[in-house]
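Here the structure is laid out as structure tokens; the discussion comes afterwards.
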Amino acid sequence: MTWYRARGYRRDMGGPRDHKGLGHADPGHERPDQATTGDPRAGEPGDTGIMLAVVNWVARAAGFIWIGVLTFFLIPPKGTAELVVQAVGYGLAALGLLAVALIDLHPAGLKYRGRAWPLILGVVAVAAGSASGAGYGGSIMVVFSFVAALMTAGETDMVPAIAVTGAGVLATVISGLAFGASVGVLFGFPAVVISGLLIGRNRGAYRIQAEQAAMLLAQREQLEAQHRRADLLDERARIAREIHDVLAHSLGALGIQIQAARAVLTDRGDVTRADEILATAQRMAADGLVETRRAVHALREDNLPLETELARLSDTHARVHHVPTSFDIAGTPAALPPDATVALLRVAQESLVNAAKHAASQPVAVRLDYGDADVRLTIRNELADRNDGLDRSGGRPEGGSPDTRGPAGMMTVNAGYGLTGMRERLRLLNGTLHAGHSDNQWIVTAEVPRLERESPLRESPLKDGTVQESTVRESIAS
């Protein structure tokens, strides 16, 4: 442990943190409470730390004066030699403690702390030890040697602490032998000084543990803040997906009906048929409002019966688009995590909109399979015989993605982001999405685990404390 660490110093900042052991707070540097709370008044010269330091040193000065009164007036030494030794020792101790107080209280003294601190306390230990060995009332000055050893052991490395303690012990023993002190003084006073070393080391270790605990607490608070931010970004991504899915499904299907009505009016002039199509579009708009309310309810409650919703969605698709639409369930139905339920429902909605767009009047089959570990949703629709822009060899349209190309003149508000949004939603759930054609059928298969797992978004805090936001940006874009 270096002296800088013991005093709470940071070499790169050149200043100490608040030192509660001596009641010191440097007004020119940031304190931990200032960094945590952001209080602009923290660290000012008139704050509580400075006041506490001043009170501590006033109490020490009062004790020092009382020891002087006891030594020279109440129990004065009888011989001249004893008086001289105790007067010199008392004076040197006074100068040393004054220097320590100035270094501890005045910011200008900080630059002398590393070199001068052990030296000054060593002088105090030797002076007080010599005075205490002379006997009479001056024996009480061994307290100053004890304090010097304690402060050095608590504020510096082990080597300076042992040196100061050894100097104090040696001075006490030599003075005691010179003035004929008793065996109790020769052994008791050095024991007092050595106890200061032990207490100071324990005190320093306790303070370091307290500082480390405060650092760990700050790191924990930082990690909790990162997790809260990750949760917030995750929720934003979820809301973005809900908004996209509801609007893409409702407005996409509504756009198909409006385009069909325009085609009937333009090509055939059939007002009656156009009116029927527009009435259907009006019902779909009303259904879109219901879907929006359902999405809001899902965001709040996270409780959707997947089988019921898929059956209702299949019936609605068959009724609106006048195509055979089947819905089957395999396995034992079980409750799914809320996010998985919503994700599969949105995949079904998006796939049915794409089927109506690219393969109008073709039958659609929806199947939900409950496995032991995963749940699979499969949507199949027959491909239209007309040229719909699909490349039969690869399952991708010529010049676009499977959900961006369709019959000439037909386009929805989807803008080609349907599969991107579905893949993004499932990826966050550790699920998969596959889309392509086989045997003249377009097949979309989505799988999610039955047990809720941690989202990858929650596991990507970066080293600088930020969270990777590409997932959120991609989902919002979709």
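A few notes on this one:
- One residue alone among Ala81, Ala93, Ala59 is closer than 19 Å to Ile140 by Cα and touching a Phe, Trp or Tyr at 6+ places or on another chain (Cβ under 6 Å), and that residue is Ala93.
- Counting only residues that are in a helix (DSSP H, G or I), of a type in the set (Ser, Thr, Tyr) and within 28 Å of Tyr206 (Cβ to Cβ), the range 136-194 holds 4 of them.
- Among the residues of the range 405-425, none is identified as crowded, with 22+ Cβ neighbours inside 10 Å and modelled with pLDDT of 80 or more.
- Scanning the range 85-94 for residues that are within 46 Å of the chain's Cα centre (by Cα), over 20 Å from Val192 (Cβ atoms) and in contact (Cβ under 8 Å) with a residue 12 or more places away in the chain turns up nothing.
- Set side by side, the residues Val85, Val69 differ, and just one is over 19 Å from Thr172 (Cα atoms) and aliphatic (A, V, I, L, M), which is Val69.
- Residue list for the range 118-151, filter: in contact (Cβ under 8 Å) with a residue 60 or more places away in the chain, over 49 Å from the mean Cα position of the chain (by Cα) and surrounded by fewer than 24 Cβ atoms within 10 Å (Cβ to Cβ): Tyr136, Gly137, Ile140
- Residue count for the range 122-135, restricted to those that are of a type in the set (Gly, Ala, Ser), in a helix (DSSP H, G or I) and within 23 Å of Gly79 (Cβ to Cβ): 6
- Restricting Ala285, Ala274, Ala253, Ala240 to residues that are at pLDDT below 85, surrounded by 13 or more Cβ atoms within 10 Å (Cβ to Cβ), more than 22 Å from Ser351 (Cα to Cα) and assigned by TED's automatic domain parsing to the domain that holds Ser326 narrows the list to Ala274.
The values are calculated or read from the model by the stated rules, or taken from the named source; none is laboratory data. In this text, all values refer to a predicted model and were calculated from it rather than measured experimentally. Please note: Cβ atoms are built from the backbone with ideal geometry, for glycine as well, and neighbour counts cover all protein chains shown.
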